[in-house]
Ligand code: 5GP
């Protein structure tokens, strides 16, 4: 007998083992179900699981970053009273016009630093925010999103991640800062040469 949440984590891990491809540079490609083609049923299971783990937090907005967090965040929002989903926009050029919360994020997969921004119209004082993203590596994307929420005067009620690469530093950093971070699958090691992936027992 498996509890429902164990089932969701198990489904995601099995899917990673089946369809994930380990690339050089510690990159896990999951284009078949998450980053290019998207498995909406799986996204729905993930959203439902986040709703359980962040129950009672009073989340009224979900914040993610373009582009791969958007799909998961939108499906998850349906389990948080259809709350609005905001995605931080990435741009290569600086575009400070006083109406945007702006921060810098170094892209793990592209190696480029972006300005990331959210309009002041959509985030503000009193907002209880759940941050959602597909991957957690070194934590740059999350640090950027956290700083946007705090600049806006909101609070980060939780952080939901589909896949954390536990051998990189982001998870430890974010947990040490005291945030309630929930990662549904934590990869403890992976090997590009033979394609093996091992998960942390949770
Ligand atoms: P971080 O900012 O934590 O270093 O990296 C997280 C961001 O980089 C995520 O938004 C995700 O899009 C991307 N990312 C980091 N590592 C991987 C990976 O192994 N596979 C994929 N598909 N994306 C990754």
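No value in this document is a laboratory result; all are computed from the given coordinates. Worth saying up front: this structure is predicted, and the values here are computed from it rather than measured. Don't worry about glycine lacking a Cβ; one is built from the backbone with ideal geometry, like all the others, and counts go over all protein chains shown.
So here's what we get for this one:
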{"item": "Among residues of segment 172-188, those that are surrounded by 14 or more Cβ atoms within 10 Å (Cβ to Cβ) and not in a helix (DSSP H, G or I), counted", "result": "9"}
{"item": "Check on residue 146, surrounded by fewer than 21 Cβ atoms within 10 Å (Cβ to Cβ), under 17 Å from the mean Cα position of the chain (by Cα) and assigned to a helix (DSSP H, G or I)", "result": "yes"}
{"item": "Within segment 44-73, considering residues that are free of Cβ contacts under 8 Å to residues at least 40 places away in the same chain and within 12 Å of the chain's Cα centre (by Cα), the one surrounded by the most Cβ atoms within 10 Å (Cβ to Cβ)", "result": "47"}
{"item": "Selection within segment 65-87 - under 12 Å from residue 46 (Cβ atoms) and touching a helix residue (DSSP H, G or I) at 6+ places or on another chain (Cβ under 7 Å)", "result": "71, 72, 75, 76, 78, 79"}
{"item": "Of residues in segment 131-162 being in contact with a helix residue (DSSP H, G or I) (Cβ under 7 Å, 6 or more places away or on another chain) and touching a residue at least 40 places away in the same chain (Cβ under 8 Å), the one farthest from the ligand (Cβ to nearest atom)", "result": "160"}
